Amino acid sequence: MNLFDLRGGIHPEGRKNLSAAHPICALPVPKRLFIPLQQHIGAPAQPVVAVGQNVLKGQLLATAQGALSSAIHAPTSGVITGLGDCTAPHPSGLAVPSITLDSDGESRWIALIATADPFQLTPEEISQRVAAAGIVGLGGATFPSALKLNLSHGVQTLIMNGGECEPYLTCDDRIMQERAAQIMQGIQLIAHAVAAQEVLVGIEDNKPEAIAAMQAAAKNTSVKVTAMPSMYPMGSEKQIIQVLTGKEIPAGGRPADIGVLVHNVATAFAVQQAIVEGKPLISRIVTVSGGAIKVPCNLEVLVGTPMQELIDFAGGYVQPAARLVLGGPMMGQQISNPAVPVVKGTSGVLALTTAEIGQAEPAPCIRCSSCVRACPVGLLPLEMAAHIRTANLSGAVNLGLKDCIACGSCSYVCPAHIPLVHFFNYAKGDLTAQERTKLKQESTKKLAEERSERIARIERARAEAAAKRKAAREAKERAAAAKLTTEAV
Amino acid sequence: MIAALTSLTILGAFLGLVLGIAARVFKVEGNPLTAELIAILPGSQCGQCGFPGCAGAAQALAEGRAPVTLCPPGGRAVALALAAKLGTEVNLAGMKDAVPMMAEVQEEICIGCTRCFKVCPTDAIVGAAQQIHSVFREACTACGKCEEVCPTESIKLQPILVTLQSWRWHKPVEAA
Amino acid sequence: MSEYLFLLLSTVLVNNVVLVKFLGLCPFMGISKKMDTALSMGLATTFVITFTTAGAWLLEHWLLMPLGLEYLRILTYILAIAAVVQFTEMVIRKTAPALYQVLGIYLPLITTNCAVLGLPLLNVQEKNSFIVSLIGAFGASVGFTLVLVLFAGLRERLALAKASPTFAGTPLAFITAGLLALTFMGFAGLVPH
């Protein structure tokens, strides 16, 4: 299969060899789990359990609230000991509402409904079951998968993303090697659910074992497994579509606009587990790696397990960790508190050393345009950052700020160490805040106008009533006066 | 001498006539800019800018008597919109965004006197006589009118806490 | 015909009214922070210059010269200029209130833009015909607009640059204006010697 050219991109040192050779191994069930109610994009889930209640593994803990939300299930059996806040797996370190679950160590499953022939299910049934299993995109974006299936029905091409272009991460690599058959069944179920005409699996060519395993599993199916050149950010939705189909998503559009649906391979595994075995999404594969980790490895971890447990299981630190990261080193979240829980979107737990993060003081921009060459979207990062620096956000938007995918390629290549992507994240946050304020202002303005109208109406009614009363009184007085005069006469 | 006087007089009179006619033809009713500015302002007539209502503020803006940063409830969004409309430059670096505030009722000391929701310009306070009032957070503009009339100091402006949804990256600090 | 084209070229580039003759520097520094306002200012000035030059030529040849009143030249010219500027102001206020606000004090100040008075006076000095005066004035004002827009573009980019506080803003703009004037000197080479 011929591939299409991509613009930009970088080739960071992979460092995947740290953990790539370690088979997935299950992390023992921790004593206490902290399960955030918001592990997905959209509204937080609504808890349906009470403190002190005993729950079984896979039991529903919280239901989806609204269309853009996702359900959350008990990762193990035990007792609910708290409904409160825990530190969010987020760079802000703010609190997130969450459920605390103390495990009883027995891992007793709730009664599971297995499906013998899943391909008899209608697309609606599949997406309903995917929603009920609380599946979200496991590549990191955590967009509710069922909604994505519903929005993409009838797409031409289904692309399964096995890019995993972030350095260090090997969780998708391992899952493709070890669970290729289940993934393939999951892929076919997704293809069945959206009635896709063509199914492509894109895997970076630095994972030859995963490609071989997936190709073996794809035998006798219509699924095409393709090796893609290793490049960052190949695993980004827009880039993988472009390299495999040559199509580009229009600015501000979605893949469905050009007839494409992209899912992560790990999501396909979760879909297979949910449909065939009836198991909800309660665990995921996490790569524990980084120069500070003693034994880098790939672990199957229950959602809600504190990050520290993973690090301890991997033998702890060999040297002090300068930075803890959830996810990949390019786009992951920097974390200050190792007690934060692993959530559905956590692909990696990295403990990086000072040498690895290579932090340096920013120097002035010399307009070398390395960032322009690196930008996979074809933007001008240096110009955008200059506009943002001088508080000219609309100038940055005109240069395409909203199309920035925040991949960090520009910051990575900048010889002056200018925190370009930080500028863009700041500007996007500021724009969102401004838009929110504007919306609020419009609604309060309407309220204020309605109120003044109402007050005017009430005044008018009051004045009319008073006038009427006055007229009545005067008429009465006149009548009385007339009576008096007639009597006098 | 006479030629000079007459010619200048005639010239002046002619040009004056032309301008007079033009003034009739291109007459501007009020100031159309003011209407456009009123549309941008929040319209809650809170008076925090020091002008009588949003119309007064728009008038002052159109005449250049007030800076675009005059509107505290509007914050930076309104300042930017005004600056774009007026074509002026706005130095937002100097405009520290006031901490976003919202009125909150301390339920223990609310006596249900209904005074606050009578003055609320956006109907953001709900309640009834002898009932504890509460604030509808999406409609509160933090104008502070309720705070002034509350007899028990039960309703007060409180800073809105940052949540995961409203958190955003700060601007990168620059080396000098 | 080619003679008129050369005249146009000469007034737009070679004898640019701002950068070579140094007339009209006030709006050149004042209204050059943004490209779009610079363009509107340029267009308003173009309108005023073209019309006043025509009006001044007519006044000169039909009123002042027959009556021997050349000593009233500046007075009558100013009268005509003020009237045209006033007229432009009314039109802009009616049609583009926001632009009216942006141009602000610089709009009535077109009256005192020395390029507006200077061009008719130069025409009288050089005894130009009506057509030549008109084309010369139009070319000069196009040159004015061109330079204003170019300079505004430069200043928009300068605003992004990290400059030392001593130079940031107007000082840097003055230096840039000097450099721009230097480059325009290069157009003198268009004239064959």
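The values are calculated or read from the model by the stated rules, or taken from the named source; none is laboratory data. These numbers were taken from a predicted model, which means no experiment stands behind them. Note: ideal-geometry Cβ built from the backbone for every residue, glycine included; neighbour counts use all protein chains shown.
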**Study point:** Search result, residues across region A:293-306 that are surrounded by fewer than 24 Cβ atoms within 10 Å (Cβ to Cβ) and out of contact with any Cys (no Cβ under 8 Å at 6 or more places or on another chain)
**Key:** A:Lys294, A:Val295, A:Pro306
Practice item. Could you tell me which of the residues B:Leu37, B:Leu33, B:Leu61 is within 14 Å of chain A (Cβ to nearest Cβ), under 16 Å from C:Pro97 (Cβ atoms), assigned to a helix (DSSP H, G or I) and among the hydrophobic types (A, V, I, L, M, F, W, C)? Key: B:Leu37
**Study point:** Test set (1) farther than 18 Å from B:Ile160 by Cα; (2) assigned to a loop (DSSP other than H, G, I, E, B); (3) within 14 Å of chain A (Cβ to nearest Cβ) - B:Gln131 fails condition number
**Key:** (3)
Practice item. May I ask you to say which residue of B:Ala81, B:Ala66, B:Ala77, B:Ala57 is in contact (Cβ under 8 Å) with a residue 24 or more places away in the chain and buried (at least 18 other Cβ atoms within 10 Å of the Cβ)? Key: B:Ala81
Practice item. State all residues of region C:122-146 that are over 12 Å from the mean Cα position of the chain (by Cα) and either crowded, with 22+ Cβ neighbours inside 10 Å or modelled with pLDDT of 90 or more (or both); if no residue qualifies, say none. Key: C:Ser129, C:Phe130, C:Ile131, C:Val132, C:Ser133, C:Leu134, C:Ile135
Check your understanding: Can you name the condition, by its number, that B:Gly50 falls short on among (1) in a loop (DSSP other than H, G, I, E, B); (2) within 14 Å of chain C (Cβ to nearest Cβ)?
Key -> (2)
Point to revise | Selection within region A:200-227 - farther than 21 Å from A:Glu178 by Cβ and outside any loop (DSSP other than H, G, I, E, B) | key: A:Leu200, A:Lys224
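Here is a yes/no grid of residues against (1) away from chain B (no Cβ under 12 Å); (2) touching a helix residue (DSSP H, G or I) at 6+ places or on another chain (Cβ under 7 Å); (3) surrounded by fewer than 22 Cβ atoms within 10 Å (Cβ to Cβ):
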{"residue": "A:Ile357", "(1), (2), (3)": "yes, no, yes"}
{"residue": "A:Ala363", "(1), (2), (3)": "no, no, yes"}
{"residue": "A:Arg367", "(1), (2), (3)": "yes, yes, yes"}
{"residue": "A:Pro376", "(1), (2), (3)": "yes, yes, no"}
{"residue": "A:Leu420", "(1), (2), (3)": "no, yes, no"}
{"residue": "A:Glu449", "(1), (2), (3)": "no, no, yes"}
Study note, to complete from the structure: Quick count over region A:310-335, residues being in a loop (DSSP other than H, G, I, E, B) and buried (at least 16 other Cβ atoms within 10 Å of the Cβ), is 9
Review point. Which helices (runs of 4 or more DSSP H) sit wholly inside region C:102-193 and have at least 1 residues that are within 25 Å of B:Lys85 (Cα to Cα) and within 14 Å of chain B (Cβ to nearest Cβ)?
Key: C:130-158, C:170-185
Exercise for review: Pull up region C:81-101, narrow it to residues that are more than 7 Å from chain B (Cβ to nearest Cβ) and within 17 Å of B:Ala13 (Cβ to Cβ), then point me to the one that is surrounded by the fewest Cβ atoms within 10 Å (Cβ to Cβ).
Suggested key: C:Ala82
Check your understanding: If you go through region A:136-151 one residue at a time, do you hit one that is surrounded by fewer than 21 Cβ atoms within 10 Å (Cβ to Cβ), part of a loop (DSSP other than H, G, I, E, B) and touching a Pro at 6+ places or on another chain (Cβ under 7 Å)?
Key -> no
Check your understanding: Residues A:Phe4, A:Phe34: which one is among the hydrophobic types (A, V, I, L, M, F, W, C) and outside any loop (DSSP other than H, G, I, E, B)?
Key -> A:Phe34
Exercise for review: Within region B:146-159, track down each residue that is out of contact with any Lys or Arg (no Cβ under 8 Å at 6 or more places or on another chain) and either within 12 Å of chain A (Cβ to nearest Cβ) or part of a loop (DSSP other than H, G, I, E, B) (or both).
Suggested key: B:Thr152, B:Glu153, B:Ser154
